[in-house]
Amino acid sequence: SEYCYATPLTTTFFFIFNGYMKAIKDREAAEDFDRTKYDLETMTLQSFRKAVAVTYDKEAFCTAVNPSRSGGYGLIGTAYIYDPETGARYRDTDQAKRALCEFYSVDISKYASLDEAVDSITGYDVVAAREFYTQAFNEAIEKGFITDADGDGISDQTIVITYSASEVNSFITKTLDYLNEKMNEVTAGTPFAGKIMFQASAPLGDPGWSDNIKAGLTDTVLGGWSGGLLDPFHIVVNYTDPSRSYDANWFDATSISLELEVNTAGIGNTPKMEKVTMTLKQWSEALNGTMTTVGNKSYN
């Protein structure tokens, strides 16, 4: 509606997908779970998660379930300010724009400007999604997660994704209806056609919905972290500190390294760019005020 107006806040919502394999295997081993009909393990595959990531047009999704929200395409949202003196926003920097284009495989050279390239991003890519679903099917077959007994190229099992709901209300119902509708559209003609289903959990209350996600007893949730408008990098702590993250039981931020080129000369000095490699946990700490030592140098 032209009369609908919303002001951006700092919360970035995201879908988390269960990767706690021990809990998943325990659930599949239960007497009431029929492994000939259903599967949970496939959702742990990176190819499957990449497929889901480009299955949905983020803006269209928001419009369908909650018009006061807007599509988000990066971890640090549009409201964050990196320079309090000028009010400069992180998402307005060329570095942030290029990061989005790289993540969504947007060829900047095909657009008249970097802004046009960013504006083209919807989070929806049916061609890539179908390729990833096919890749996930082949990997799941190889790992024994699913079967294709009749050789028709279609999964024998349905991937059941249980949404961790504090209560089952109209928002949850609209969300799941949209997720299933678009999933069925995108997976048509793939090995998972009609074989991926979102369903609501029993009402779990608060903090029951988050406790169940962390324990791997439910599989996904549209969750969010609110942050400080003038503190854009603190939000990464929620993904790298096991005492805060949803996925501490299956993701270790100390096991993944990232190389970045940073200015090590200090404020006011002639820039001195240096390539620095740290783990995600170390980068998070350095970005948030902790002296972080790598080799014989410390960064903050």
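The values are calculated or read from the model by the stated rules, or taken from the named source; none is laboratory data. All figures in this text were calculated on a predicted structure; none of them were measured in a lab. A quick note on method: Cβ atoms are made from the backbone with ideal geometry, for glycine too, and the neighbour counts reach across all protein chains shown. Just so you know, the surface numbers come from the protein's heavy atoms only, side chains and all, with ligands and any DNA or RNA stripped out. Shrake-Rupley method; radii C 1.70, N 1.55, O 1.52, S 1.80 Å.
Share of the chain's accessible area from carbon and sulfur, percent, 1.4 Å? List each step's numbers first, then the result.
Working: 8470 of 16490 Å².
C and S fraction of accessible area: 51 percent.
Among the trypsin sites (Lys or Arg not before Pro) within the stretch 189-249, those in coil by DSSP and having at most 16 neighbouring Cβ atoms inside 10 Å are R244.
Checking the a/c ratio against 1.5 first, then a/b against b/c, what shape does the Cα gyration tensor give for the stretch 143-300? Cα axes put the stretch 143-300 in the prolate bin.
Within the chain, what's the longest stretch lacking GluC sites (Glu not before Pro) that sit in DSSP loops with no more than 10 other Cβ atoms inside 10 Å? Could the numbers behind the result be given before it?
Working: sites that count: E2, E31, E85.
Of all site-free stretches, the longest is 86-300.
Note the angle between two axes, namely the Cα long axis of helix 94-103 and the longest principal axis of the Cα atoms of the chain, as a number of degrees from 0 to 90, rounded to the nearest 10. The answer is roughly 20 degrees. Taking chymotrypsin sites (Phe, Trp or Tyr not before Pro) as exposed when their DSSP state is a loop state and no more than 12 other Cβ atoms lie within 10 Å, the longest site-free interval of the chain runs over 6-300. Multiplying the residue separation of T270 and K37 by 0.36 nm and removing their Cα-Cα distance gives an extension gain of 77.6 nm.
Taking 0.36 nm per residue of separation and subtracting the Cα-Cα distance, full extension of the segment from A60 to N184 would add 43.0 nm.
For the stretch 118-178, the solvent-accessible area of protein heavy atoms averages 48 Å² per residue (probe radius 1.4 Å; ligands and nucleic acids excluded).
At a Förster radius of 25 Å, what calculated FRET efficiency corresponds to the Cβ-Cβ distance of K297 and A215, to the nearest 0.05? The partial results should precede the final answer.
Numbers: r = 39 Å, r/R0 = 1.58.
The pair K297/A215 has a calculated efficiency of 0.05.
For the chain, the spread of Cα coordinates along the three principal axes comes to 67, 52, 42 Å, biggest extent given first. Adding -39500 (n - 2.57) for every DSSP H run of four residues or longer, then dividing by how many residues the chain holds, sets the calculated 222 nm ellipticity at -9000 deg cm²/dmol.
Please compute, over every Cα-Cα pair in the stretch 21-174, the percentage with a separation greater than 19 angstrom. Walk me through the numbers on the way to the answer.
Details: 7901 of 11781 pairs.
The proportion of pairs with Cα distances above 19 Å equals 67 percent.
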